[in-house]
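Novice: What follows is a structure written as structure tokens; I'll ask about it next.
Read the figures in this text as sums done on the coordinates, not as results from a lab. Here the structure is a predicted model, which means the values were calculated and not measured. Backbone-built Cβ (ideal geometry, glycine too); neighbour counts: all protein chains shown.
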Amino acid sequence: MALRNIRIDGDPLLRKRSKEIETIDTRLKILLDDMLETMYDAEGVGLAAPQVGILKRAVVVDIGDGPMKLINPVIKNSSGESFMAEGCLSIPDYSGVVCRPEKLSLEYLDIDGNKKYLEAAGFLARAICHEVDHLEGILFKDKVIPEEQLPKEYLEQERKRERRA
Ligand code: NI
């Protein structure tokens, strides 16, 4: 395995749409392993192939429950709303609150080419949405909600959290 260079915001490649993967070969397997290693090294919870310069629909995620490799991920259904601050390995030293679905269902191919179905909620759903956006050339900063537009419930919850910290 090897570390790959993470592309930084401003790189035009991050704004391109990634292509569906048609063949799962050794090259792709190496890419996914390298992406995981690169993500752990950078202390991230997700990484999409375009972030390492490859315009293919592959992402890795690990929110602390173990590594996931998602090929051609497609969000089928989503519901609810969740507000939380996010960051991105391609946008160092920046964070902002994004609204994401509370729950979603996802179809993808696993590393052996099997079609899989996944239900995700909370932080995992958020991480998946963030990575799938990368495959469309969308960065989270495009979706950041200005503080004055944040729902009162979110601000109240944040105030409570700060008091506890
Ligand atoms: Ni990102």
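Novice: Using 7 Å Cα-to-Cβ label points, what is the LEU3/LEU118 separation (nm, one decimal)?
Specialist: 2.5 nm
Novice: Would you list, by chain and number, the lysines whose Cα falls below 18 Å from the Cα of LYS152, excluding same-chain residues fewer than 8 positions away?
Specialist: LYS160
Novice: Once both axes come from the Cα atoms, what is the angle between helix 26-41 and the longest principal axis of the chain, in degrees from 0 to 90, rounded to 10?
Specialist: 30 degrees
Novice: Taking the Cβ of ALA48 as the center, what net charge do the other residues with Cβ under 9 Å away carry, scoring Lys and Arg +1 and Asp and Glu -1?
Specialist: That sum, taken over residues with Cβ under 9 Å, equals -1.
Novice: Under a point-charge model restricted to the Cβ atoms of Lys and Arg (+1) and Asp and Glu (-1), what is the dipole moment magnitude of the stretch 53-158 relative to its Cα centre, in debye to the nearest 20?
Specialist: Dipole about the Cα centre, nearest 20: 500 debye.
Novice: Sticking with this structure for a sec: From the backbone phi of the stretch 78-93, what are the Karplus-calculated ³J(HN,Hα) couplings (6.51 cos²θ - 1.76 cosθ + 1.60, θ = phi - 60°) in whole Hz, Gly and Pro given as x?
Specialist: With coefficients 6.51, -1.76 and 1.60, one gets 8, 8, x, 9, 9, 10, 7, 6, 10, x, 8, 5, 8, 10, x, 6 Hz.
Novice: Along the stretch 64-70, what does the Karplus equation 6.51 cos²θ - 1.76 cosθ + 1.60 (θ = phi - 60°) give for ³J(HN,Hα), rounded to whole Hz, x for Gly and Pro?
Specialist: Running phi through 6.51 cos²θ - 1.76 cosθ + 1.60 with θ = phi - 60° gives x, 9, x, x, 10, 10, 10 Hz.
Novice: Still on this model: Could you compute the net charge surrounding LEU150? Neighbours are other residues with a C-beta less than 11 Å from the C-beta of LEU150; K and R count +1, D and E count -1.
Specialist: -4
Novice: Here's something else I'd like to know. Rank by packing, highest mean first: peptides 102-114, 56-68, with packing defined as the count of other Cβ atoms within 10 Å averaged across residues.
Specialist: 56-68, 102-114
Novice: Give, in nm to one decimal, the length gained when the segment between ARG164 and LEU13 is fully stretched (0.36 nm per residue of separation minus the Cα-Cα distance).
Specialist: Gain in length upon complete extension: 50.2 nm.
Novice: For the chain, find the longest principal axis of its Cα atoms and tell me its angle to the long axis of helix 122-135, 0 to 90°, nearest 10.
Specialist: It is inclined by approximately 50 degrees.
Novice: Additional query: Using a simple spin-label model with points 7 Å from Cα along the Cα→Cβ vector, what separation in nm is obtained for ASP110 and TYR40?
Specialist: Modelled inter-label distance: 2.0 nm.
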